[in-house]
Structures are given as structure tokens and as C-alpha cells.
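The values are calculated or read from the model by the stated rules, or taken from the named source; none is laboratory data. Because the structure is predicted, anything quoted here is derived from the model rather than measured. Cβ sites come from the backbone with ideal geometry, for glycine too, and all protein chains shown count toward neighbours.
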């Protein structure tokens, strides 16, 4: 037989009742088989030229990560539907809810059926979610574009290539299953837009999938027409329709909504979720928060509450052995982040975080040390150069003083400086030995956009010009 493909249509999957206890077993043999000709065009891997990549971090991206990492916070509402609720940091009236839907048409699943999907959420789906968000940032129009990723590339980006306990085809099938699970996540965003002309609050409510996913398995068919050992997996992704209008009705463009971004270090995806589970949770949390919490300073209690169920903390407060175990887990997580080749930068507050509570200390812990640990302050920054890039991205442009008189002709050096040209950008980029894609990655824009600026087809905004000058050392 020649090479064949299995196109996993999620609408077809719904008809075959994939949402049940046998979903994982049935994934690869449910859908019709078509002849496979040429492989689809796929996105290049992340991290080919540098160890960090921009990642989209608007509120829906953050809330959906939390929904995957905190299954204990899912609740059953009055109608028997499973729901995860998140309040936006800037305005508690802005609420994001997540539900579990069947593949194909959006049908919200009841609690018992939804739990079968929620139970599959975790660090593995969170990693793939982050990779989707990073690839989304590379698209010219992220809110309307779709892109295809190769399973073998995803296996490497997820860090699965180091695991030799299972054959490659099993990893490809696992990637397909994880992508399928992400397709089941719905978002309902209620965003306050102001006051209604008839009184009360004017708000918009948007409902869509977080990700629209299709999976294509390629390989030799068996006698039953199934691809049991795929040679490759192709996953086609499009961000859900929430990106088109989620923040647009609140006064922003959809592009701005998606282009709220931070940076994801390659080392984060390589953290082993089995040996360093809390470290990976902490790294993901810090990655998403670094965009808007540039100080990096936290109380340990607040971090733990974001990472583990409240019952775990309460039990540790009441039981000495559990306090010891949780403190050790915390110290192990910090040590793991500090020992990465791209290490997180950790600073302990000398007033509230004594030496005997820090990782590696052999000193005897004082009475009441666990409460002291919860109240301790710590500053954690993501790996360099991410903090500097975030500072550059968020640094406000200096305001120019207003002229007191029309006769006044002098101006500041900044206003006298000539506009940056595309030729200057191209020459400075070549001096650094960077490709257009590399420069685009540092700036959090697409390679095509950099190309258009260098050709003179686009003029950079004042903020972008400032970023170009700082990154390329253009005076």
C-alpha cells in the first residue's frame, strides 16, 4: 500500500461518540481514510535561532491555562454544567468562563461527561497550549489565520524527544490526543463596555472555542483501514473567533488583544512534569504574569495559592509533616528554576525570607517556620533577556513639552532626530547577523512585517522605532 492519511475531523469524532471513557483508545481509528498526496505546508519550529519566543498573553490565554492547571477550581453550576470562572485583573466585572464542549458543533457537556475531558487537562495540555500561543504570534493576522504544525516538531518542542521509553509513533498519537482535548475548551467572555444609554451597564458576551483544531495522521493503513503507527501527524490550528471581537467591543482592535504578549523561554517547555511538577507550574505562571507584573515580587503564600489547591495549604498549616513536605516541594521547585541553563533570577527578601528557609539550607528551621515561609517575599524574574525585553516593550515614550510660543524653533534632540529608515534597519540587522525572522521574534511581530518596513512599505510607530533603535543599537 502507498502512504495514506487519516483526517481526524472533530465534527465526525462527535458522531462517533469520542467523548467517553474510550476516547483515547478510539482517536486514531474513527474517521474515513483519504489518499495522501503532498504533505501540508507547516510552520517552522520555535527556538531555531534563539532560546526565547514571543507568546500571546491576552486574558483568555491566561484564563484557559488556569482552567487546565487547576481542575480543582471547576464547578458544577445550577444547570449541571461544568464551569471554570476567571475575573480579569483590571476590572472584576469583566468575567471569562470556560466550558467543555463536544467536538464539531458547540454543545456544552454536562458535568459527568465534561469531567472526562477535565481529567485530561494538566501540564501536558498546558505545554501544547503555550506552543499554540507562541506560533499564533508568528501569524500576519493571528485573529483570522490558521496554521499547521508537524507532530515531530511538537514532540521536540514539548521535550518528548528525550523520552526513549515509547516509540515515536506512540508519541505522535499522544500529541494528536492532546490537541483534540484542547479543541474541547470553550470560552465565554463577558466584557463591560460602559453604561447603557437606557441605564445600567453595557456589556458584550462572546462565546467560541479557544482553539479550532484538526488532526491529520499519515502512514500505512492496516487491513481495517486504520493508521495504527503514523509516520507523521499534522495539526491545523486556528485561534477561536473570540480573537476577532473579544476586546474590539471594549474599545481595542482584535489585533491589539492578541498582541498583548510576553516571552516564553525554551527551557520552560523542557521541564519534566513528573520530576519537577511544581517547578513547571511555577514557570508557566511566571511566564504569563511577567508581562504585567514586571516587578516580579510576590508573597510565597500568593504564589502557592495560584499553584496548588487551597486544601493543600490548609492541611500544611494544620499538620507538621504536610508542612514539611510542601515546604520541600516549594524549595525543590525554586532550585529547579535556578538550575536551568536559562535560569530564572530569584532574589530572597532579606527581611522576610531568612537563610534557613531558602533552598539548600541545612539549618534547623525555627518554630512556626511554615507561616513565616508563607509571609516571605520573593522576587522572581524569567530568564534573561526577557526582563529587559519586557521593559523595552512597556517603557512609555517620553512626552515632548508643548511650545510656549509659535516663535520658538528649538526642539529636543529626540524630536530633531531623523525618522528611522528601512535601509538603516536592514543594515543594522545585517551587522548583528540576524535574519528578519530573528528580529521579528525579538520585537513580537511577524517576519513579513519586518520585511515591509525594510522595503519602506510600512512606517514603524514611534514605539516600534524606539524598540528598533534599542535592539539594533541605532543612534
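Summary table
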item	result
Residue list for region 35-69, filter: more than 23 Å from residue 389 (Cβ to Cβ) and in a loop (DSSP other than H, G, I, E, B)	36, 37, 38, 39, 40, 41, 42
Region 70-101, residues that are within 23 Å of the chain's Cα centre (by Cα), more than 20 Å from residue 307 (Cα to Cα) and in a loop (DSSP other than H, G, I, E, B)	90, 91, 92, 94
Of all residues making up region 349-392, the number that are surrounded by 15 or more Cβ atoms within 10 Å (Cβ to Cβ), out of contact with any strand residue (DSSP E or B) (no Cβ under 8 Å at 6 or more places or on another chain) and without any contact (Cβ under 8 Å) to a residue 40 or more places away in the chain	5
Residue within region 400-417 that is at pLDDT 80 or above and touching a helix residue (DSSP H, G or I) at 6+ places or on another chain (Cβ under 9 Å) present	no
Residue among 93, 17 that alone is modelled with pLDDT under 50 and either more than 30 Å from residue 263 (Cα to Cα) or assigned by TED's automatic domain parsing to the domain that holds residue 217 (or both)	17
Restricting region 436-470 to residues that are at pLDDT 75 or above and not in a helix (DSSP H, G or I), the residue that is surrounded by the most Cβ atoms within 10 Å (Cβ to Cβ)	460
Selection count, region 132-166, where residues are assigned to a loop (DSSP other than H, G, I, E, B), on the phi < 0 side of the Ramachandran plot and in contact (Cβ under 8 Å) with a residue 60 or more places away in the chain	11
Residue 150 over 20 Å from residue 56 (Cβ atoms) and out of contact with any helix residue (DSSP H, G or I) (no Cβ under 6 Å at 6 or more places or on another chain)	yes
Condition broken by residue 341, with the remaining ones in (1) part of a helix (DSSP H, G or I); (2) touching a helix residue (DSSP H, G or I) at 6+ places or on another chain (Cβ under 7 Å) satisfied	(1)
Residue that is farthest from residue 231 (Cα to Cα) [pool: residues in region 140-155 that are at pLDDT below 90 and crowded, with 19+ Cβ neighbours inside 10 Å]	143
Tally of residues being assigned to a helix (DSSP H, G or I) and touching a residue at least 60 places away in the same chain (Cβ under 8 Å) across region 110-131	10
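Yes/no per residue for (1) farther than 30 Å from residue 113 by Cα; (2) at pLDDT 85 or above:
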| site | (1), (2) |
| --- | --- |
| 32 | no, no |
| 35 | yes, no |
| 46 | yes, yes |
| 67 | no, yes |
| 70 | no, yes |
